[in-house]
Amino acid sequence: MITFPRYATTYSLFVPDEESAREGARVLTGRGHAIVRVAPDTTTDSGWRIDGLDEGPYPDGDDRWWAAAEHRAVAALAEELGGRLSTSMALPETARRFFPEGEGVRDPGTVRELRLGVLSREPARTPAPAVVHGLGRREPSGGPTGGPIVLDGLDDVDWASLTGAYGPADEVPDILRGLAANDEEWEGAVEEYFSTVVHQDTCYDCTPETIRFLVQLVRSPRLFPAYRLELLIHMAYVATIDPVPATGEADSDEAAACRAVVDHLPDLLALWPEASAAVRAWLIVLAAVRPGAQPRPEFEEFRRRLDGPSPALDLALALTSGDGGAVRDLTLAAASWDEEVSAMLEEPFTRRTRELKILFHLALTELAPSD
């Protein structure tokens, strides 16, 4: 059933010259954008801008899927024209009211036919696999949990010589002590860590130094199980911001943080014999980050015993075994039902980085605890 999205998207392409602007406007017009305008870019001496308004219609009510498909197409156009893309979303009447001024270049009478014609060439979302294994459910805690944990070597690090998001990393040991308190203030300590030590996909030279202390916490039998699982998820995130290459050295703070996680994988995998099913699943994900990782029989056995589909674990095992064909098939399959995976396939990452980012996204969707 043909529908109109609740929100309209304004696409603004900033291109080098008028010729590029008019070519881009022609393409957006052909894609059925409701309004298309071109104008000189007042922020540069010679650049131009193209503005297009996508307010539907879409072939069905899956707004996110069709909006993502349009975003990919327009992003590719911006790259082809040597420009950059900016987007904003608003209710249609608001988007029209604040739409940038410029020379109009489209016939509004053909919007519906063009829009549906273009999107009819895009595949609709396929049904996602029905995940039934239940690894995303919180498990009851067991064992001697609770109480503060001592972090060995914390005061041996010259934190003042390192930097975090806001300057010298003097506060980092207190943040780690906040995590080690293992109490009801945990969430606040995590927020501080992801403000100072890792901030919006950016690591600092203090970040790799903190990993060994996170590993100490994860391995402590006193740590609450929910906190242990959360730290494993956070370490998987840190390790996939900028994964270290299969060969070569880390060339960024993000890659150095990934290297620190990889270096401590043996310590983390030592948890396996006594670990819960949820922890084991994330250990499999983390193991896939290691360059040249080797398949482990216990991973395969764990997967065989798991009920139903598991896109995340299947991808992790394919990466661990080095099965490039399976990795390709699994990522393409995920892109057919998950628009974020589809977008990641278009990003200018290295293949390894792209695959690991997709793995973390799928794992977060499938394996992270949900209330």
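The values are calculated or read from the model by the stated rules, or taken from the named source; none is laboratory data. Computed from a predicted structure; not experimentally measured. Don't worry about glycine lacking a Cβ; one is built from the backbone with ideal geometry, like all the others, and counts go over all protein chains shown.
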Task: Every residue from region 253-296 that is in contact (Cβ under 8 Å) with a residue 40 or more places away in the chain and of a type in the set (S, T, N, Q) - done: 276
Task: Among (1) surrounded by fewer than 18 Cβ atoms within 10 Å (Cβ to Cβ); (2) within 20 Å of residue 237 (Cα to Cα); (3) in contact (Cβ under 8 Å) with a residue 40 or more places away in the chain - the single one residue 145 does not satisfy - done: (2)
- [ ] Within region 333-365, work out how many residues are of a type in the set (Phe, Trp, Tyr), surrounded by fewer than 18 Cβ atoms within 10 Å (Cβ to Cβ) and in contact with a Ser or Thr (Cβ under 9 Å, 6 or more places away or on another chain).
- [x] 1
Task: Some residue of region 335-347 being in contact with a Phe, Trp or Tyr (Cβ under 6 Å, 6 or more places away or on another chain) and of a type outside the set (Gly, Ala, Ser) - done: yes
- [ ] Collect the residues in region 279-300 that are buried (at least 24 other Cβ atoms within 10 Å of the Cβ) and small (Gly, Ala, Ser), keeping them in residue-number order.
- [x] 281, 288
Open item on the list: Regarding region 78-85, can at least one residue be identified that is surrounded by fewer than 21 Cβ atoms within 10 Å (Cβ to Cβ) and more than 30 Å from the chain's Cα centre (by Cα)?
Closed with: no
TODO: State whether one or more residues within region 109-128 are of a type in the set (Lys, Arg), at pLDDT below 95, surrounded by fewer than 14 Cβ atoms within 10 Å (Cβ to Cβ) and assigned to a loop (DSSP other than H, G, I, E, B).
DONE: yes
TODO: Could you tell me which residue of region 153-186 is nearest to the chain's Cα centre (by Cα), considering only residues that are aromatic (Phe, Trp, Tyr) and in a helix (DSSP H, G or I)?
DONE: 186
Open item on the list: Could you tell me how many of the residues in region 187-196 are in contact with a helix residue (DSSP H, G or I) (Cβ under 6 Å, 6 or more places away or on another chain) and of a type in the set (A, V, I, L, M, F, W, C)?
Closed with: 1
Open item on the list: If a residue must be among the aromatic types (Phe, Trp, Tyr) and under 13 Å from residue 244 (Cα atoms), how many such residues does region 339-361 contain?
Closed with: 1
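Going through region 312-371 one residue at a time, which ones are aromatic (Phe, Trp, Tyr), within 25 Å of residue 122 (Cα to Cα) and under 15 Å from the mean Cα position of the chain (by Cα)?
The first filter runs over region 312-371 and keeps only residues aromatic (Phe, Trp, Tyr), leaving 337, 349, 360.
After this cut, where a residue has to be within 25 Å of residue 122 (Cα to Cα) as well, the list is 337, 349.
Once the filter is applied, which keeps residues that are aromatic (Phe, Trp, Tyr), within 25 Å of residue 122 (Cα to Cα) and under 15 Å from the mean Cα position of the chain (by Cα), region 312-371 yields only 349.
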Open item on the list: Among the listed residues 313, 330, identify the single one that is at pLDDT 95 or above, surrounded by 23 or more Cβ atoms within 10 Å (Cβ to Cβ) and either over 25 Å from residue 230 (Cα atoms) or not assigned by TED's automatic domain parsing to the domain that holds residue 225 (or both).
Closed with: 330
TODO: For residue 295, work out the one condition from (1) within 19 Å of residue 232 (Cα to Cα); (2) modelled with pLDDT under 95; (3) touching a Ser or Thr at 6+ places or on another chain (Cβ under 7 Å) it doesn't fulfil.
DONE: (1)
TODO: Taking only region 309-327 into account, find how many residues are of a type outside the set (Gly, Ala, Ser), closer than 22 Å to residue 244 by Cβ and free of Cβ contacts under 8 Å to residues at least 24 places away in the same chain.
DONE: 1
Open item on the list: Return the residues of region 193-229 that are in contact with a Leu (Cβ under 9 Å, 6 or more places away or on another chain), part of a helix (DSSP H, G or I) and surrounded by fewer than 17 Cβ atoms within 10 Å (Cβ to Cβ); say none if nothing qualifies.
Closed with: 219
Task: Entirely in region 259-323, the helices (runs of 4 or more DSSP H) that have 1 or more residues that are touching a Pro at 6+ places or on another chain (Cβ under 8 Å) - done: 277-287, 311-321
